[in-house]
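Enquirer: Let me give you the structure first, and then I'll get to my questions.
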Amino acid sequence: MRESGSGAAELATACAVCGGKARVSFTELEVPHFGRVMQSLLQCRACGYRHADVMSLEQREPAKYTLRVESPEDLNARVVRSSRGRIELPELGITIEPAAEAQGLITNVEGVLHRVLEVVESCIRWAENENERRQAQKLARRLRRIIEMAESVTIIISDPTGCSAIISEKAVREALDVQEG
Ligand SMILES: [Zn+2]
């Protein structure tokens, strides 16, 4: 891996989907109150596949972060989510398990809620019956209200690799029992 002066590096690899030539770029950055991370982005020109992830460059313990989202500051709190991070919104009964296709990213709480809304909207499209569709529509409406700050919610992000975090003084950090993850 060749590293440029800016801390970005790039290397050629085989695409996990089509086997074609893909490139992965790495960018190292410092996330305030969290530490050094490496962001990676794989892009395949042949089939358009993209995969983003975030890795920690520091030793980390499995951790769980809980934040009560009730103000614009909470919506703006920065979130680091690796592809192993699990997102829960207990009041809404929503859990998003890390799938093989999960993308790691650095965003904020609002960005995470938009991502959850996308998942719920795809459930509306793929619902097998009217009841499922109505349930998903109800959840989508609540998520939009939460994003507009008309309703508050608790968000929990847990990661057995410790590389996911909600960066806010208000967020409660606990050690995660890896057996449950
Ligand atoms: Zn490809």
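The values are calculated or read from the model by the stated rules, or taken from the named source; none is laboratory data. Every value quoted in this text rests on a predicted model; they were computed, and no experiment measured them. Please note: Cβ atoms are built from the backbone with ideal geometry, for glycine as well, and neighbour counts cover all protein chains shown.
Enquirer: Could you look through region 9-41, keep only residues that are of a type in the set (Val, Ile, Thr) and more than 9 Å from the ligand (Cβ to nearest atom), and pick out the one that is farthest from the chain's Cα centre (by Cα)?
Expert: Only one residue tops the list, namely Thr13.
Enquirer: All but one of (1) in a loop (DSSP other than H, G, I, E, B); (2) crowded, with 17+ Cβ neighbours inside 10 Å hold for Gln59; which doesn't?
Expert: Condition (2) is where Gln59 drops out.
Residues are listed down the side, and each one gets a yes or a no for (1) in a helix (DSSP H, G or I); (2) among the β-branched types (Val, Ile, Thr):
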| position | (1), (2) |
| --- | --- |
| Val112 | yes, yes |
| Glu128 | no, no |
| Gln135 | yes, no |
| Arg142 | yes, no |
| Ile155 | no, yes |
| Cys163 | no, no |
| Ile166 | no, yes |
| Lys170 | no, no |
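Enquirer: Any residue at all in region 67-90 that is part of a strand (DSSP E or B), more than 13 Å from the chain's Cα centre (by Cα) and within 16 Å of the ligand (Cβ to nearest atom)?
Expert: no
Enquirer: Separate question: Within region 101-109, can one find any residue that is under 22 Å from Arg68 (Cβ atoms) and assigned to a helix (DSSP H, G or I)?
Expert: yes
Enquirer: Looking at Tyr49, Tyr65, which is the one that is buried (at least 17 other Cβ atoms within 10 Å of the Cβ) and at pLDDT 90 or above?
Expert: Criteria check complete, one pass: Tyr65.
Enquirer: Okay, next question. Of the numbered conditions (1) buried (at least 20 other Cβ atoms within 10 Å of the Cβ); (2) in contact with a Lys or Arg (Cβ under 7 Å, 6 or more places away or on another chain), Glu30 satisfies every one except a single condition; which is it?
Expert: (1)
Enquirer: Let me ask something else. With the condition kept exactly as written, say whether any residue in region 40-50 is in a strand (DSSP E or B) and within 20 Å of Val109 (Cα to Cα). Talk me through it step by step, then tell me what you get.
Expert: Filtering region 40-50 down to residues in a strand (DSSP E or B) leaves 40-44, 50.
If we keep only those that are within 20 Å of Val109 (Cα to Cα) too, we end up with none.
Within region 40-50, not a single residue is in a strand (DSSP E or B) and within 20 Å of Val109 (Cα to Cα).
Enquirer: Now, a different point. Could you please find all residues in region 46-84 being out of contact with any strand residue (DSSP E or B) (no Cβ under 7 Å at 6 or more places or on another chain) and among the basic types (Lys, Arg)?
Expert: Result: Arg60, single match.
Enquirer: Go through the residues of region 42-62 one by one and say whether even a single one is within 19 Å of Ile155 (Cα to Cα), more than 16 Å from the ligand (Cβ to nearest atom) and of a type outside the set (Phe, Trp, Tyr).
Expert: Within region 42-62, the subset within 19 Å of Ile155 (Cα to Cα) is 62.
Then keep just the ones that are more than 16 Å from the ligand (Cβ to nearest atom); that gives 62.
Subset that is of a type outside the set (Phe, Trp, Tyr): 62.
Yes, region 42-62 contains at least one residue that is within 19 Å of Ile155 (Cα to Cα), more than 16 Å from the ligand (Cβ to nearest atom) and of a type outside the set (Phe, Trp, Tyr).
Enquirer: Let me ask something additional. Criterion first (touching a helix residue (DSSP H, G or I) at 6+ places or on another chain (Cβ under 7 Å), surrounded by fewer than 18 Cβ atoms within 10 Å (Cβ to Cβ) and not acidic (Asp, Glu)) does Arg133 satisfy it?
Expert: Against the criterion (touching a helix residue (DSSP H, G or I) at 6+ places or on another chain (Cβ under 7 Å), surrounded by fewer than 18 Cβ atoms within 10 Å (Cβ to Cβ) and not acidic (Asp, Glu)), Arg133 qualifies.
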